[in-house]
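One structure is given below, encoded as structure tokens.
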Amino acid sequence: AGEARFHDECELLRPIIDGAGILYVVDGSVPYSSENEAEMEILRWTGQPSLALINRIGADDFSAPWEAALGQYFRIVRHFNAVQAPFEDHLGLLRGFGELAPGWREPLERAAQHLREQRHRRDHQATTLMATALGDMLGHVETLSLHEGADRTVATQTLRERWRDWQRQREQRLRHDIEKLYQHQRLERQESELAWAAGDDLFSERARHAWGVSRTYLAAVGFGAGALGGVGIDALTVGHTLGAGALVGGILGAAGSVYYAGKLDRFKLGPLSAGGQQARFGPVQDPQFGYVVLGRALEHAWHVARRNHAGRDALALGDSSDRWMQHLTRHDRVALQKALHTPPRDVADARRRVALEDAVGHATAAFAAWAVEHSSAGLAQP
């Protein structure tokens, strides 16, 4: 009868009696009560290795009385924020549990090493995913068959919208792939996208200012003024490159939004045949576009990779602009610019794909170094 009355309690104690350790977690934002002492005393009677965690969930802080009480019943007492603790702190907790009993140290150290290697593999896969998406987006082309007499203005608008819609969808697919990789498939969003600020679309002027780079930077990495001034800009009506380097340079310096909004891409007509002409829109021509896509991808991937699964709040992404590039060496900056300016031509272009992935890998490390450096100031908190 007694066992039936305390059935749940007996089930909880059974693994401990069979040799399991005790991990006792309390909410440090809730006031300590002596009512907890009865169960803590029973757990102490078992004689098993024990560790208590104070995980403060709410805003109030009653950690001090909890710590004083727990120290009387458990061998180790630690403070641990399950939502904000970084990956290394999780591993440290696992290793700490291994110190409770001599036979536990080695297997838990192996478990920590396995998790560390798993994280390394995932980070490498994330780099590959970002590089693949970046190559796809930089090289994407939309086509449309035009019959004789077709309105080129309408065709241009149609292809532009299709091209931009495809780019947005490809970016969203990358985000889903990154979230799945780090097992955050149910990450809360605002509407159907991540919680970017309103208007922070891939093609918005805000995105350009947040993630783009200056003409000075482009020139410094070998994208000279001549190349920058006339970078593949085609007239939408006649399909010929404009010889207006000085004009475009002025547009970039004085009204970058006009350049960015109107010259991301290009419209070209193929040769006339019996069936009409094929209109092509793309690939992207703006040298800043790759930096915009890469910056947004790095920001998203960094936060997702470091987000604990205990978190339930919406993922809100910040604005680090191009400051993270300060952590790139001169060599890596030049390699990144070259990889963005000459992306893979197709899936079989292995050399350029490797170069792009390598450049994105260095960019990922630079972004992480910047984020860690500034996290104490609250600038890169997930």
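What ranking, highest mean first, results for peptides 173-185, 354-366 when packing means the other Cβ atoms within 10 Å averaged over each residue?
Values: 173-185: 16.9, 354-366: 20.6.
Descending packing order for the listed peptides: 354-366, 173-185.
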*To the nearest 10 square angstrom, how much accessible area does His341 have with a 1.4 angstrom probe?*
100 Å²
*Going by accessible area, probe 1.4 Å, with all protein chains left in place, what is the ranking of Asp286, Asp89, Asp136, largest first?*
Asp89, Asp136, Asp286
*Burial order of peptide ranges 161-168, 299-306 (average beta-carbon count within 10 Å, highest first)*: 299-306, 161-168
*Protein accessible area in the stretch 1-129, 1.4 Å probe - carbon and sulfur %*: 55 percent
*asked:* For the full complex of protein chains and a 1.4 angstrom probe, list His331, His7, His140 by accessible area with the highest value first.
replied: His331, His7, His140
*Would you pull out the residues with amide H under 5 Å of Val77's amide H, same chain only if 5 or more places away, H placed 1.01 Å from N?*
Ala52
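Keeping all protein chains in place and using 1.4 angstrom, which order do Arg14, Arg110, Arg78 fall into by accessible surface area, from largest down? Don't jump to the answer; show the numbers that get you there.
Numbers: Arg14 110, Arg110 140, Arg78 90 Å².
Output order, biggest surface exposure first: Arg110, Arg14, Arg78.
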_Against the 2.2 N^0.38 Å scaling, with N counting residues, where does the stretch 1-81 land? I'd like the Cα-based Rg ratio to two decimal places._
1.16
*the stretch 89-148 - convex hull of the alpha-carbon atoms, volume per residue in Å³*: 81 Å³
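The values are calculated or read from the model by the stated rules, or taken from the named source; none is laboratory data. The structure presented is a predicted model; accordingly, all values stated were derived computationally and were not measured. Neighbour counts are summed over all protein chains in view; Cβ atoms, including those assigned to glycine, are modelled from backbone coordinates with ideal geometry. To get the accessible areas, we keep the full protein, side chains included, count just its heavy atoms, and leave off ligands, DNA and RNA. Shrake-Rupley method; radii C 1.70, N 1.55, O 1.52, S 1.80 Å.
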